[in-house]
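Read-outs: derived from the displayed coordinates by stated rules, not from any lab. Bear in mind the structure is a predicted one, so any value in this text is a computation, not a measurement. So basically every Cβ, Gly included, is an ideal-geometry build from the backbone, and we count neighbours across all protein chains shown.
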Amino acid sequence: MKSSMDRLYSIFERHLLNALVEEETAEEFLSRVVRDYLTSLDGTVVILDEHRSSIEEELREEVLEMLRKKTYGHYSLKDFRKAAPAKTASKALAAANMIRVRGRKSRRSN
């Protein structure tokens, strides 16, 4: 079972690499990630109204820390996203090459 932090990070990553929202501010990004995370918990966790705002604020702080660490060295979220496709493409290419190499090795052993 996925831990709640794994779920939060997964949602964070998905939104971080979403180049379709190029003009999004960091504040808008934080709000979307927290909203989607809380929505993903529906049916598994009950959050009382009197605690909701403090939980949302703690989540925003956590996501902001993740955002700062992930985008370190970039001037903005927009700059990070512009640079990210090249990084993502090179990671995908490396993964595809690893799969090909493993496939060749397994065919040779047969």
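Calculate, for residue 17 and residue 61, the FRET efficiency according to 1/(1 + (r/R0)^6) with r their C-beta to C-beta distance and R0 25 Å; round to the nearest 0.05.
Working: r = 22 Å, r/R0 = 0.87.
Efficiency, rounded to the nearest 0.05: 0.70.
How long is the gain from residue 47 to residue 3 if the chain were fully straight, where each residue apart is worth 0.36 nm and the alpha carbon distance is subtracted? List each step's numbers first, then the result.
On the way: separation 44, 0.36 × 44 = 15.84 nm, distance 1.74 nm.
So the extension gain works out to 14.1 nm.
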